[in-house]
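The values are calculated or read from the model by the stated rules, or taken from the named source; none is laboratory data. What you see is a predicted model; the values in this text were computed from it and never measured. Cβ atoms come from the backbone with ideal geometry, glycine included; neighbour counts cover every protein chain shown.
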Amino acid sequence: MKRILLILSMFLAAGITAGAQDVGELQSRNRRLREEIATLEKRINSTADNIRDQLTQYRLGQRLLSSRQELIMGLEQELATLNNSISEKSNMIARLRQEHSDLLTAYQTLLQQAYRHRDRKLWIMHVLSSESAAQAYRRWRYFRNYSDYMRAQESKIRIMQDSLVREEALLLSLQKERVTARDNMALEISRMEKDQRLLDGNIKKMQQNEKQLKAELQKRIDEQRKLDKEIREALAALEKKNLARDPAAVEAARALSEDFTANKGNLPWPLKDAVIIERFGRITDPKWGFTFDNKGVTLSGAKGGEVKTIFNGTVSSIWMDNRDSYLIRVLVTHGQFSTIYCHMVDVVVKEGDKVVTGQKLGTLSPRGEGNSYFQLLRNGVPVNPADWCR
């Protein structure tokens, strides 16, 4: 019985811990989504009314709606996990109650037996009437073990009662969390419907300037292609320089690449409170139909915000084109990795400078959109920055 109780307790404790961790992770992720949603709402409200800002507001609105839907899915998962935890907890409490009842029944039987032999003199006489010393010892051991067993049973009952009290309190706590999660989900669904109405209103407003909008969208695609070409040229020029490196420089680049890889998933974004409004990969706009392959991400940040390097490296190239919205671009190398930072109106570094994680490279326009285009490449091949930055 004691061994079964121990195994059962260990199993239940492990299940409770795992369930709590699952709920905690979901709640943490949902909190991050709420913070992102709050940032998006603030950015949407700060955009102006020209066609470019309308387009930015539209992209922010799409991202807001997507984040809201993701949050609702997260809340559904949280609610399902809580329901599973409550069900497991309820079953566990039922088993504990049964075990408690069985222990009480067994203990009552012991008490009845002890009552029949309650006179200590009878126990002593039973020992003294033994036919041999060995028999007397066995009888004495029996009575002593009997008393120890009664005390052990009494202790088990107390422990089981304490466990029941604790588990019932945890059950009540989980039930309260479930009510909160359910209320939060209903609220987010209502907010999502409001977000959809706002996005529809923004689209309707943009349709009044559809010709300008399509021209702006085409310009956006042309700028992306132009930037991709410039990045390829900058990387090709850098590759020629790399061929002339000495063995010490090659080894330093290898070590830097390893450090960069070791920090995957924990690198900072180049903008504070960054929100991705255009994700990496194939982008197809559901409303306006334009499609292009995005080699990086478009980040939404504060107007005039600082752009910072995401890891230690060397500023390998700085170039500028006043004819498009990318303005000043900076290429930083980190061994086999490269990062490109765009949309800056000024920079505070120069080619050949060594930079460290979080060092300022430049600033966004105080009158612009507050967006910055960012690329991450490995051996010249674009990779998804969202897999590397947190």
Legend entry - Filtered residues of the stretch 76-104 (kept if at pLDDT below 80 and either out of contact with any helix residue (DSSP H, G or I) (no Cβ under 8 Å at 6 or more places or on another chain) or not assigned by TED's automatic domain parsing to the domain that holds Arg178 (or both)): Ser101, Asp102
Inset, instruction - State whether the residues of the stretch 312-322 include one that is touching a Leu at 6+ places or on another chain (Cβ under 7 Å) and of a type in the set (A, V, I, L, M). - result: yes
Legend entry - Identity of the residue in the stretch 180-199, surrounded by 12 or more Cβ atoms within 10 Å (Cβ to Cβ) and of a type outside the set (A, V, I, L, M), that ends up nearest to Lys42 (Cα to Cα): Asp195
Inset, instruction - Say whether the condition of being within 25 Å of Lys241 (Cβ to Cβ), part of a loop (DSSP other than H, G, I, E, B) and modelled with pLDDT of 95 or more is met by at least one residue in the stretch 320-339. - result: no
Inset, instruction - Please indicate, with yes or no, whether at least one residue in the stretch 190-207 is among the β-branched types (Val, Ile, Thr), in contact (Cβ under 8 Å) with a residue 40 or more places away in the chain and closer than 30 Å to Leu327 by Cα. - result: yes
Legend entry - Every pair of residues 6+ apart whose Cβ atoms lie under 6 Å, when the first sits in the stretch 305-317 and is within 16 Å of Asn371 (Cβ to Cβ) and in the same structural domain as Asp353 (by TED's automatic domain parsing) while the second is part of a strand (DSSP E or B) and among the β-branched types (Val, Ile, Thr): Glu306/Thr363
Legend entry - Condition check for Thr357: among the hydroxyl-bearing types (Ser, Thr, Tyr), in contact (Cβ under 8 Å) with a residue 60 or more places away in the chain and touching an Asp or Glu at 6+ places or on another chain (Cβ under 7 Å): no
Inset, instruction - Could you tell me which numbered condition Glu223 fails, if it satisfies all but one of (1) surrounded by fewer than 17 Cβ atoms within 10 Å (Cβ to Cβ); (2) modelled with pLDDT of 80 or more; (3) not aliphatic (A, V, I, L, M)? - result: (1)
Legend entry - Members of the stretch 270-303 found to be under 23 Å from the mean Cα position of the chain (by Cα) and assigned to a loop (DSSP other than H, G, I, E, B), listed by number: Pro270, Leu271, Lys272, Asp273, Ala274, Arg279, Phe280, Gly296, Gly301
Legend entry - Search result, residues across the stretch 334-364 that are under 28 Å from the mean Cα position of the chain (by Cα) and of a type in the set (Ser, Thr, Tyr): Ser338, Thr339, Tyr341, Thr357
Legend entry - Residue, nearest to Asn371 (Cα to Cα), within the stretch 264-304, restricted to residues that are surrounded by fewer than 21 Cβ atoms within 10 Å (Cβ to Cβ) and β-branched (Val, Ile, Thr): Ile276
Legend entry - Sole residue being among the β-branched types (Val, Ile, Thr) and more than 33 Å from the chain's Cα centre (by Cα), chosen from Ile231, Ile157, Ile203: Ile157
